[in-house]
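Notes for the one structure printed next.
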Amino acid sequence: MIRLGTRGSALALAQARLVADRLGGVELVPIKTSGDRRVDPAEDKSRFVKEIEDALLAGEVDLAVHSAKDVPADLPDGLSIVGVPARADPRDALCGAATLDELPGGATVGTSSLRRRAQLLALRPDLEVLDLHGNVDTRLGRLAAGDYDAVVLAAAGLERLGRPHEGVPVPAARMVPAPGQGCLVLEARTGDERMTETAGRLTDQDALASLLAERAVVAALGATCRTPIGALATGHGDGGLRLTAFAGLPDGSHWIGDSLDGDAGAPRDLGHEVASRLMAAGAAELLAEAERAATPQ
């Protein structure tokens with residue numbers, strides 16, 4: 001029996017069951033993480049995975065499943081990503097309106113993401129973007145109660161909860177998704193051949209290549225939860241990979257974007273090249289300013 005560690009939220013459990021159904025012979029082990037408490041969204045993203053990784057290192061679970069966008073670029077010593085299943089829709093989804101352009105001037109939009117805030121305000125500086133915390137049910141409940149005119153969530157999350165009709169995907173050309181959005185990752189102890197082989201059977205090579213390219217951008221830029229970064233890699237079907245990236249300030253006043261084609265067989269190289277191009281255009285200074293703006297004084 002494989003003990004599969006996961007967060008205990010409805011979405012996390014739905015994602016874990018997708019993995020468990022494919023693996024068979026799995027016991028789900030819900031683990032409460034620091035990220036399950038209401039905290040500053042600009043805190044280190046490791047709060048969503050730390051306790052699960054601690055359980056892995058302690059031998060309390062055999063395998064962990066995470067939303068890829070919650071996994072920091074640097075893993076703890078002794079742990080490795082061993083599986084990446086097929087990706088769900090990576091785009092953001094607008095709930096409460098059919099398009100961003102339909103929202104009236106001054107409309108309130110809820111999100112806890114600095115990346116979403118930055119891109120919303122870059123596109124529509126007339127919007128009022130307000131903090132919104134909680135799980136999917138809580139956020140949609142606040143929308144239904146009229147606390148917001150619209151909210152932005154991950155399309156993949158709505159899909160995995162069986163609620164895709166409650167949001168309209170925003171074209172990635174308008175809002176670049178978070179690195180890894182829509183991907184799940186399976187993590188195990190480094191050198192655990194049984195788990196590596198087991199999880200590897202679930203890996204989708206297209207999803208893996210895209211994730212590696214996107215994570216390479218994050219690592220090369222030294223991005224944190226205080227730096228609004230978007231990255232999306234998509235395959236061409238001919239062995240090519242196109243990587244689009246975004247870096248900006250939370251208030252949407254300044255931003256940089258880039259898109260580059262590369263080889264799906266060398267996704268990290270593509271990610272490093274895009275990061276280098278962004279830095280040459282001033283991304284390092286932009287992200288340093290974003291970090292300062294988001295860091296509590």
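Bear in mind that the values in this text are calculations on the coordinates, not laboratory data. Quick caveat, the model's predicted, so the values are computed rather than measured. Because the Cβ atoms are built from the backbone with ideal geometry, glycine has one as well, and the counts that use them run over all protein chains shown.
Amide H contacts of LEU79 (H built 1.01 Å from N, in plane; Pro and chain starts excluded): THR190 sit under 5 Å, all sequence-distant by 5 or more or on other chains. Each residue of segment 272-281 is assigned a 3J(HN,Hα), and the resulting list reads 5, 5, 5, 4, 4, 5, 5, 5, 5, 8 Hz, derived from the Karplus form 6.51 cos²θ - 1.76 cosθ + 1.60 (θ = phi - 60°), x at Gly and Pro. So if R0 is 30 Å, what FRET efficiency would LEU130 and GLU289 give, r being the distance between their Cβ atoms, rounded to the nearest 0.05? Given R0 = 30 Å and the Cβ-Cβ separation, E is 0.85. Cα convex hull, the chain: 129 Å³ per residue, rounded to a whole number.
At 20 °C and a viscosity of 1.002 mPa s, what translational diffusion coefficient does Stokes-Einstein give for segment 92-169, taking Rh as the Kirkwood radius over Cα pairs? Give it in µm²/s as a whole number. Could you put the intermediate results ahead of the total?
Details: Rh = 12.3 Å.
Translational D for this selection: 175 µm²/s.
With θ taken as phi - 60° and the Karplus curve 6.51 cos²θ - 1.76 cosθ + 1.60 applied, the whole-hertz 3J(HN,Hα) list for segment 120-132 is 4, 6, 5, 7, 9, x, 7, 6, 10, 9, 10, 5, 8 Hz, x standing for glycine and proline.
Taking a sphere under 11 Å around the Cβ of PRO76 and counting the other residues whose Cβ falls inside, with K and R at +1 and D and E at -1, yields a net charge of -3. Here segment 268-297 and segment 111-127 have alpha carbon centers that stand 18 Å from each other. Taken one residue at a time, the phi angles of segment 138-147 give Karplus couplings (6.51, -1.76, 1.60, θ = phi - 60°) of 4, 5, 5, x, 5, 5, 4, 7, x, 6 Hz. Gly and Pro are set to x. Dividing the summed helix terms, -39500 (n - 2.57) for each DSSP H run of n ≥ 4, by the number of residues in the chain produces a 222 nm estimate of -10000 deg cm²/dmol to the nearest 500. The mean of 1/r over all pairs of different alpha-carbon atoms in segment 213-294, once inverted, gives a Kirkwood hydrodynamic radius of 12.6 Å.
Please work out whether segment 176-226 counts as rounded, prolate or oblate from its C-alpha gyration tensor, where a ≥ b ≥ c are the square roots of the eigenvalues and a/c under 1.5 means rounded, while otherwise a/b larger than b/c means prolate and anything else oblate? Cα axes put segment 176-226 in the prolate bin. Between HIS254 and residues 5 or more places away or on another chain, which pairs have amide H atoms under 5 Å apart, with H built 1.01 Å from N, and which residues are they? Close amide H contacts, sequence-distant or interchain: LEU249. Please report the spacing between the Cα centers of segment 170-199 and segment 50-110 in Å, no decimals. The two parts, judged by their Cα centres, are 8 Å apart. Pop the C-beta distance of GLU27 and ALA144 into the FRET formula with R0 = 35 Å and round what comes out to the nearest 0.05. Rounded to the nearest 0.05, the efficiency is 0.50.
Checking every one of the GluC sites (Glu not before Pro) in segment 185-233 against DSSP loop status and a limit of 10 other Cβ atoms within 10 Å picks out no site at all.
Scanning residues 5 or more positions from VAL170 or on other chains, those with amide H under 5 Å from its amide H are ASP92, ALA93, LEU94, with H placed 1.01 Å from N in the peptide plane.
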